[in-house]
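The values are calculated or read from the model by the stated rules, or taken from the named source; none is laboratory data. Note that the structure is predicted; figures quoted are calculated from it, not measured. Cβ placement follows ideal geometry from the backbone for every residue including glycine, while neighbour counts extend to all protein chains displayed. In case anyone asks, the SASA skips ligands and DNA or RNA and just uses the protein heavy atoms, side chains included. Shrake-Rupley method; radii C 1.70, N 1.55, O 1.52, S 1.80 Å.
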Amino acid sequence: MITCCNLISGCIAIMYALYGEPKMALCWIIIGAVFDFFDGMTARLLHVSSPIGKELDSLADDVTFGVAPASMVFHELMVIDYPAEVASFSEYIPFVAFLIAAFSALRLAKFNLDERQTTSFIGLPTPANALFWGSLLAGMPKMIENTGVWALPVLLLLIALSCWLLVCELPMFALKFKHWGMKGNEVKYGFAIMSAALLLSSGIIEGFWMVIVLYVALSLIIFLSGKSKAE
């Protein structure tokens, strides 16, 4: 039931996204993320976890964290200005946004089969990707649209980067605490403090995309640091 609430939240987010209401779409993506957080926990507490629940969870996640943000990007690509060079086929370009949904599905399928991701992630988690797009498009749509002819290449570049991050082999830390002490949790506490500062200074809606950029940057720094020590 909780997993289905996640899926329904994603469907509502898609509807708002296609009607050009990104703040409401982001709101329902966040509601879906709350349901997603509690469904597995509830299943374990009630001892009702099952293979059906696992499959349904991935389906719900792709709707809420794949199709919903893709729909937000699709609408944004419908309303931006296009350079004259691509005007003849501009009506087809917005459909590129749904690559986000496809790569989110691929990411979820890999996660279900990858035994390396029990305590951390490999590649960008789909909820983080959805929050990035939701926050960017809900908090700063005018900034994107006002960039004129640069809006299209910027959005296409971000779509490509987003899709790559979903399925890349970059290790990314998870905010799972085995204990509440500082030792071993330095990165998590540091990330939490910096994220709070960003959200307080920029606003919750406008700041979430910056938090995701910070998350990816910290994960990359940790990976490169560990690689250099190993060498």
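Considering all different alpha carbon pairs of the chain, the Kirkwood hydrodynamic radius works out to 18.6 Å.
Taking every Cα-Cα distance in the range 1-74 and sorting them into 5 Å bins from zero, the calculated P(r) comes out as 4, 20, 28, 20, 13, 8, 5, 2, 0 percent. Each other residue within a Cβ distance under 10 Å of residue 40 adds +1 if Lys or Arg and -1 if Asp or Glu, for a net charge of -1. Contact order, relative form, for the chain: 21 percent (alpha carbon pairs under 8 Å, 6 or more residues apart, mean separation divided by residue count). For the peptides 128-139, 9-20, the ranking by mean Cβ contacts within 10 Å, running from highest to lowest, is 128-139, 9-20. Between helix 51-62 and the chain there is an angle of about 40 degrees, using the helix long axis and the longest principal axis of the Cα atoms. Rg and Dmax over the alpha-carbon atoms of the range 117-226 stand at 15.2, 50 Å.
With contributions of -39500 (n - 2.57) from each DSSP H run of at least four residues, the per-residue ellipticity at 222 nm computed over the chain stands at -23000 deg cm²/dmol. Sorted largest first, the principal axis extents computed over the alpha-carbon atoms of the range 49-89 equal 54, 14, 7 Å.
Note on surface exposure: 150, 28, 164, 180 rank 180, 150, 164, 28 by accessible area, highest first, 1.4 Å probe. Using a/c under 1.5 as the rounded threshold, could you call the range 96-136 rounded, prolate or oblate? The axes a ≥ b ≥ c are square roots of the C-alpha gyration tensor eigenvalues, and prolate needs a/b larger than b/c, oblate otherwise. Because a/c hits 1.5 or more and a/b fails to exceed b/c, the range 96-136 counts as oblate.
Among the GluC sites (Glu not before Pro) found in the range 98-186, those both in a DSSP coil and sparsely packed, with 16 or fewer other Cβ atoms within 10 Å of their Cβ, are 115, 169.
Dividing the convex hull volume of the alpha-carbon atoms in the range 52-184 by its residue count gives 133 Å³ per residue.
When the convex hull of its Cα atoms is viewed from all sides, the range 155-219 shows a mean projected area of 5.3 nm².
For the range 18-116, would you read off the P(r) tail past 23 Å as a percentage of all alpha carbon pairs? When all Cα pairs of the range 18-116 are counted, 40 percent exceed 23 Å. What the chain shows is 55 Å² of accessible area per residue, with the surface traced by a 1.4 Å probe over protein heavy atoms.
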